[in-house]
Structure formats: C-alpha cells, structure tokens
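Remarks on the structure that follows.
The values are calculated or read from the model by the stated rules, or taken from the named source; none is laboratory data. Keep in mind the model is a prediction, meaning the values are calculated, not measured. Don't worry about glycine lacking a Cβ; one is built from the backbone with ideal geometry, like all the others, and counts go over all protein chains shown.
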Amino acid sequence: MLAIAILLLVLAGGAALAVWLTRALQVFKADSDAALAARNAEVGRQLEGITATMDRRLGELDTKVDRRMEHASTQTNAIHKQLGDVGRATTLLAEHAKELGQLQQVLRPPKARGGFGELLLGNLLRDRLPPEAYSLQYGFKSGERVDAVIRVDRLAPIDAKFPLDNFERLVDAQESSERELHEKAFARDVKGHVDAISSKYIRPDEGTYDFAFMYLPSEAIYYELVCGKTGALLSYAHEKRVLPVSPTTLTAYLQVVLLGLKGLQIEQHAHEVMAYCAQLQKDFGRFKEDFDLVGTHLGRANSSFGKAEKRLDKFELKLDQAADSHELESAGDVVAELPRAADAA
C-alpha cells in the first residue's frame, strides 16, 4: 500500500509538473513570440531604413551616372566634331600639298620661275608703294629691261631671280661630297645673276643709283645665300654693288623708302609754303606802300581840310560882319522916315 501511495504521489507530482511545464512552456512561448515579433519589427524597420538609404544612394548614383554619361556623350560628340575638323583640315592640307606639288612642277622651267618672281615682286611693290613711286619693266637706252625701279631722288633697279634647281639639289643632298658639288653649282648660279644685274642695270649716267637689288622670292634661298656655307656670295654681291633681298628684307627697305618719300613730300610742301610766304611778304610790302600813300594823301587832305576850314571861318565872319552893317543901314533909314510919317498923321 505504501508503495502504491508513493507511486500515486509520484504520478500526481509528475502530472502537476507536466501541467506546470505546459503552462511554463506556454508562457515562454508567448514571451518568445512577443520578443520575436518585436525583434522582427525592429529588423523590419532597420531593413526599411537600409532599403530607403540604398534607394536614395542608388538614386544619387543613377543621377551621377546619368550626368557622367551625358558629359561623356558631350565630350564624345566634341571629339567626333574635332576629329571631323581634323579630317577636313587634313584633306585641305593634302589638297594644298597637291597644289604645291603642281605649282612646283609648273615652276620647274626657269622662265616660269622668272615670271613668278616678277609677279611676286610687282605685288609687293603695289602693296607697299604709291603708283608714282615705282615702275615695272623699266627700259634703258641699251634696250635692257629691268623688272622694276623705285623712284626716289634717283632710280633704284630691282631684278627678280629664282635659282631653285641647284638649291633643291643642295638641300636634298645626303652626302657631304654631293652637297659640296651642289654648293658650287648654286654659287655659280648666284654669281651669274649678280654679274648680270651689275653689268646691265647699274647705270648712274641714266639716273640710277650706283647699286641694284636682287630680289629672291624664297626666304630659304636668301638664307642660304647670306648665312649658309656659301655666305661668301654676299661679300661678292656687295663688291658688285648688288644687294640681295628676300620678301621680308625688301619689305623693310620699302618701308624706309616710303618714309623717305613722305619726307621729300614734306620738304617739297615746306618749300611751297616758304615760297607762298615770300609771295605774301611781297604782297604785304606792296600793300604797305599803298597804305602809306593813302596815309600821305589823307594827311594832305586833312591839312587842306584844316586850311579850308579856317578860310570858311573867316568867310563866315565876313558874312556876319556884312550882315551886321546891312542891318545898321536899314535901321538908319527907318529912323529918318519916322518924322515924316508923324507929320502925315
């Protein structure tokens, strides 16, 4: 019986423990569910915040990406435009290079180069000087014709020369021996031109200066003549009283000539003004003589007027005296007739 009682007590304790455990589990589950719901709500709120932040960041990133893409598109369009401009410029340069090549082929004959140099010289003179200050294709008594002359006090001859062939060979030479060979040929060409200009166009007896200009249309040829290894050619030209000039240096000379022409015009105008002043001085002298003569006449007239005025005063006095004596005689007659008038009465 005791064992049964103990067993019943154990069973009752187990049942009570089971009920308590069940209730405890229900309470724990309810607390766990509430905590879990709160945790889930907190996690949901955090996830919503993170999502909002991510959406905002993604929106800003999209805006930045759009801006970068727009800027990149603009830069790409600008690059394409510049590439198009470069392409057109390249095409234009190619056309110019082709034209220059054609021009070079045209200028191969020496006569064509000479005509081209004369054309450039005429254009340069036309741009820098007044028409009356120069002449083209000026002829001398010997029948020789120089390309141009500048008219200052005397004539300054200018002849255009274009020694291109041997200069190109000199520039293109690869070996020193070949270069020396073409240097000598270029020197012979230049000396021949200098001698021709010196003998044909320096004619002081026909009104020219004792020097002449040799116009070289190419700055490179002028530089080679003046500063290259063939620089001795410049001394030779100066000995022959020939001055080599390029487009740049001739422009400087023409500026000096233009200033000289303006100075001559000013001097001529000054002479004209001085002559006009001298004429005015003569006219003023004649006017002064006439004025002095008029003054003399006026002085004499004034003197005659004074004398006439005095005579007029004397004549007026005599007239007054005559009038007074006539009045006295009339009064005496009246007094003498009064008694007879009384007797009649």
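Quick notes on this structure:
- Residue list for segment 62-84, filter: modelled with pLDDT of 80 or more and of a type in the set (D, E, K, R): 64, 66, 67, 68, 70, 81
- Any hit, segment 199-209, residues being surrounded by 15 or more Cβ atoms within 10 Å (Cβ to Cβ), among the polar types (S, T, N, Q) and in the same structural domain as residue 117 (by TED's automatic domain parsing): yes
- Filter result for residue 229 (surrounded by fewer than 20 Cβ atoms within 10 Å (Cβ to Cβ) and modelled with pLDDT of 85 or more): no
- Residue 294 under 30 Å from residue 122 (Cα atoms), modelled with pLDDT of 75 or more and outside the structural domain of residue 123 (by TED's automatic domain parsing): no
- Test: residue 59 is modelled with pLDDT under 80 and in a helix (DSSP H, G or I): no
- Flag not set for residue 177, criterion: surrounded by fewer than 19 Cβ atoms within 10 Å (Cβ to Cβ), touching a Lys or Arg at 6+ places or on another chain (Cβ under 6 Å) and assigned by TED's automatic domain parsing to the domain that holds residue 128.
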